[in-house]
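What follows is a single structure, written as C-alpha cells, with notes after it.
The values are calculated or read from the model by the stated rules, or taken from the named source; none is laboratory data. Keep in mind it's a predicted model, so treat the numbers as computed, not measured. Quick reminder, even Gly has a Cβ in these numbers, built from the backbone with ideal geometry, and neighbours come from all protein chains shown.
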Amino acid sequence: MEFRAEAKYMRVSPQKVRLVLGLIQGRRVEEAMNTLAFTNKGCAPAVHKLLRSALENANYLSQEKGLDVDVDRLFVKRAVANEGPRLKRIRPAPMGRAFHYQRRMSHIEIALEEKGGRKAEAAHAEAGQGAKSSGKAKAKPAGKKPAGKK
C-alpha cells in the first residue's frame with residue numbers, strides 16, 4: 001500500500017527541490033531522514049517535514065484500517081516536485097525601465113511504500129509459476145539473422 005503526503009504552493013523553485021528529492025528517492029525512510037537532516041540546502045527542512053508527515057500518515061492509516069505496516073521496511077517510492085503558479089514581479093531598472101522576473105512555486109509530493117517481505121514474494125512467485133506451467137511448449141531461442149548487404 002502507498003502512503004503519501006503533499007505540500008502545495010511552496011515558495012521554492014521546483015528545480016532546486018528536485019536536487020534534494022533526488023538524494024532520497026528509492027532510499028529507506030530512516031536513511032532518507034538522516035540524509036535530509038544533514039543536507040545543506042534551504043528546502044531540506046521543508047522536505048524533511050513532508051517526509052515525516054508521510055511517515056505519520058502511514059502510522060495513522062495502519063492503526064485506523066488495521067493494516068500491519070512495518071515502519072522499518074518503508075522506502076521512498078516516489079518524490080516529485082511539480083511546477084506551481086508563478087508570481088510575476090517587476091524590478092526597477094536604470095533610466096525608467098523595468099526588469100520583469102518570476103518567482104516560482106512548487107507542489108511537492110512524497111509517496112512511501114513497504115518493501116515486499118519473503119511471504120509476499122513467495123505468494124507472488126507461486127502465482128507466477130501456476131500461470132507459466134499451464135503453457136504447452138517453451139519458446140524456441142531466436143536464430144541468427146543474415147547479414148545485410150553493404
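Points to keep in mind about this one:
- Condition met for Leu61 (in a helix (DSSP H, G or I) and either modelled with pLDDT under 95 or of a type in the set (Lys, Arg) (or both)): yes
- When each of Lys41, Lys88, Lys16, Lys8 is tested for being touching a residue at least 12 places away in the same chain (Cβ under 8 Å), surrounded by fewer than 17 Cβ atoms within 10 Å (Cβ to Cβ), more than 15 Å from Glu114 (Cα to Cα) and touching a Cys at 6+ places or on another chain (Cβ under 7 Å), the lone residue that passes is Lys16.
- Filter pass, Glu64 being in contact with a Pro (Cβ under 6 Å, 6 or more places away or on another chain) and surrounded by fewer than 14 Cβ atoms within 10 Å (Cβ to Cβ): no
- When the residues of segment 91-134 are filtered to those that are under 19 Å from the mean Cα position of the chain (by Cα) and acidic (Asp, Glu), the one that is modelled with the highest pLDDT is Glu109.
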